[in-house]
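Structure first, then comments.
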Amino acid sequence: MENISKMEMANALFNKPYIKTEKKFFGFKTNVTYTKTNSPVVGICLEFSPTEGQKIQAIVGAPSSDLEATIQRIGHPKTSDNGNYRLNLCYSQDREFAALQLQQFSGFEYHNVGGIRFVEDDEAHKLLAVFVK
């Protein structure tokens, strides 16, 4: 699990009205909670090869109405150890909320591919089924 407060999307995540942050352990630890269900939020980073990264880009960029069809068409992308694409993913443990940010490695650093996607409820369940077991 990643430290959410050190992720690039932390400020955007913490500014959402349904996200509560709480400092613990002398300010070294930040507890993040999805307030609609009072569920803790965790963060992970997944890496993907260039071909799998293109699949991720299509899934993350798919409109809500086409999400299920896109996932069925593309399938479940496989992670790699050192990938060209990195997906930063924060989600509530009850899977009712997710925030996704795709980045691509170029010029010796990761650059954002599109914006941060925030999803809730059924849409969050569908997206998380692809990335989290």
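The values are calculated or read from the model by the stated rules, or taken from the named source; none is laboratory data. These numbers come from a predicted model, not from an experiment. No Cβ is skipped: glycine too gets one built from the backbone with ideal geometry, and neighbour counts run over all protein chains shown. Quick note on the areas: whole protein, heavy atoms, side chains included, nothing else; ligands and nucleic acids left out. Shrake-Rupley method; radii C 1.70, N 1.55, O 1.52, S 1.80 Å.
What the table below lists for this structure:
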item: Scan of the range 52-81 for residues that are open to solvent by less than 50 Å² (accessible area, probe 1.4 Å) and touching a Pro at 6+ places or on another chain (Cβ under 7 Å), ordered by number; result: E52, I56
item: Residue identified as small (G, A, S), buried (at least 17 other Cβ atoms within 10 Å of the Cβ) and touching a Pro at 6+ places or on another chain (Cβ under 8 Å) among S49, S92; result: S92
item: In the range 69-102, the residues that are touching a Leu at 6+ places or on another chain (Cβ under 9 Å) and among the aliphatic types (A, V, I, L, M); result: I71, L87, L89, A98, A99, L100, L102
item: Verdict on G61 being closer than 17 Å to V113 by Cβ, at pLDDT below 95 and not polar (S, T, N, Q); result: yes
item: In the range 78-101, the residues that are more than 11 Å from E47 (Cβ to Cβ) and assigned to a strand (DSSP E or B); result: L89, C90, Y91, S92, F97, A98, A99, L100, Q101
item: Qualifying position, being open to solvent by 90 Å² or more (accessible area, probe 1.4 Å) and either aromatic (F, W, Y) or without any contact (Cβ under 8 Å) to a residue 60 or more places away in the chain (or both), among N31, N84, N11; result: N11
item: Failed criterion for V42 (all others in (1) crowded, with 17+ Cβ neighbours inside 10 Å; (2) under 19 Å from K133 (Cα atoms) hold); result: (1)
item: Enumeration of residues in the range 14-28 that are surrounded by 14 or more Cβ atoms within 10 Å (Cβ to Cβ) and among the hydrophobic types (A, V, I, L, M, F, W, C); result: F14, I19
item: The range 104-127 - residue that is modelled with pLDDT of 95 or more and open to solvent by less than 10 Å² (accessible area, probe 1.4 Å) and, of those, farthest from K20 (Cα to Cα); result: A124
